[in-house]
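Here is the structure we will look at, set down as structure tokens.
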Amino acid sequence: MNFAEMDFRLIIDGEKVDGCDTMPVIDPATGTAFARTPRADAAQLDSAVDAAARAFPAWSALSVDERRAAMLKLADALEAKAELLTRLLIAEQGKPMAEAQYEVGGTIGLLRGFTSFDIAPKTLRKDETTHIVGHRTPLGVVAVITPWNFPLMLLISKFGPALLTGNTIVAKPAPSTPLTSLLLGEIAAGVLPRGVVNVIVDDNDLGDRLSGHPGVAKVAFTGSTATGKQVMRSAASTIKRLTLELGGNDAALILEDADPKAAAAAVFASAMMNAGQVCVAAKRVYAPESLYDAVCDELALIASNTVVDAGIRQGTQMGPVQNAKQYDRLRDLMEDTRAAGRIVAGGDIPDGPGYFVPPTIVRDIADDARLVREEQFGPI
């Protein structure tokens, strides 16, 4: 598919709008641009918030069943575009076909699943003197800020609950993976009332303005801990409701009675999905001495047999990391790790186009090494 010929534009008040400028979108498998994205300025961000605020009274006044029906219609519309979304996701994010299909299917499934949520008033206490009923009421405009590792699934995980409860949305995807979000916004604009869903793209320069905007009632953010701190500071200016899903440094524990082969397979799958770019991925492994060598050997074997290539190619099991900044960080971490532990698989980052990092297994590494202390967010 020639994505360069597609008409990607901002979605504001139900319309496709040119940005103030455009930016290249890089295919991480080649390191070169394959399309361009519109870029919003501050005035367009304000227009998107205003549009969402205008749409809020009518959308929140609908019954929950009416909003459910609209969300299910949107899920059907996304399903009709599933193949296009999948191929676009591979092009801008880099993940293999199977993982891209999983994300697109999961996005549609999540949206449908959210429609089953029960948000009816509930009696919390009722006795001779007290009757307390809990109500879930919409807040207004919700700012949705999403990262580049799961651009569709993390977007819809915030869209769904916000829409069901009667809120309207301004979404800002990561600038390195904006196109799937713009396409989802375009599809939504064809199904939902105008202004209910708005999508803008920036060059990492409008986040503070959006999260601190007086017209935004809540911010839902997924991303790095460092950026989450900035979002929290901006949201504090108007004491907004705030949800932060940040990074982590998750440990896998293998116990004495484990089968080392089965344990290694499970750990590898957890650690290396999406080229390790998962906030809840296994990032360090602790095994009992009796199983240590066997687990290391099995992890090294799996890593050595993993097919790393462009996501669009048949048979690829792991694609590139998503962007040049993360690629450079992993190259630096690899060199640091080379001196800190013993690499038993991977370790050699190939020259050539694209941001490819082989699945790498490191053993005999100290607790104070960077690879142990930091969230690598990659396949090391």
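The values are calculated or read from the model by the stated rules, or taken from the named source; none is laboratory data. Bear in mind that the values here come from a model prediction, so they are computed numbers and not experimental data. Using ideal geometry, Cβ is built from the backbone for each residue, glycine included, and neighbour counts are taken over all protein chains shown. Side chains included, ligands, DNA and RNA excluded: accessible areas come from the protein's heavy atoms. Shrake-Rupley method; radii C 1.70, N 1.55, O 1.52, S 1.80 Å.
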Folded to 0 to 90 degrees: helix 82-93 orientation relative to the chain principal axis, Cα: 60 degrees
Dipole axis of region 72-160 (+1 Lys, Arg; -1 Asp, Glu on Cβ), positive-most option in Thr107, Ile119, Trp148: Ile119
Cβ charges +1 (Lys, Arg) and -1 (Asp, Glu), total dipole of the chain, debye: 1200 debye
For region 1-157, size of Cβ-based charge dipole, Lys and Arg +1, Asp and Glu -1, in debye: 440 debye
Straight-distance crosslink candidates among lysines, where the alpha carbon sits under 25 Å from Lys81 and sequence neighbours closer than 8 are dropped: Lys16, Lys73, Lys95, Lys158, Lys172
5 angstrom amide H check on Val357, placed H, neighbours 5+ away: Val321
Residue among Pro358, Val321, Met23 farthest towards the positive dipole end of the chain, charges placed on Cβ: Met23
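Summarise the accessible area of the chain (1.4 Å probe, protein heavy atoms) by the percent that is carbon and sulfur. The partial results should precede the final answer.
On the way: 8950 of 17040 Å².
After summing per-atom areas, the C and S share lands at 53 percent.
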Sequence of Glu245, Glu79 from largest to smallest accessible area, 1.4 Å probe: Glu79, Glu245
Shape box of region 173-291 [Cα atoms, principal axes, largest first, Å]: 60, 34, 23
Span per principal axis, largest first, for the Cα atoms of the chain (Å): 64, 62, 39
Nearest-ten-degree value, helix 64-80 long axis tilted from longest Cα axis of the chain: 50 degrees
Centre separation in Å (Cα based) which lies between region 6-62 and region 152-193: 11 Å
Cα→Cβ-extended label distance, 7 Å offset, between Ser304 and Arg194, nm: 6.3 nm
Helix 153-164 vs. the chain, principal-axis angle (Cα, 0 to 90°, nearest 10): 20 degrees
Rounded to 5, percent antiparallel among DSSP beta bridges of the chain: 45 percent
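Just the accessible area per residue of the chain, please: how many Å² with a 1.4 Å probe? The partial results should precede the final answer.
Values: 17040 Å² over 380 residues.
Per residue, the chain has an accessible area of 45 Å².
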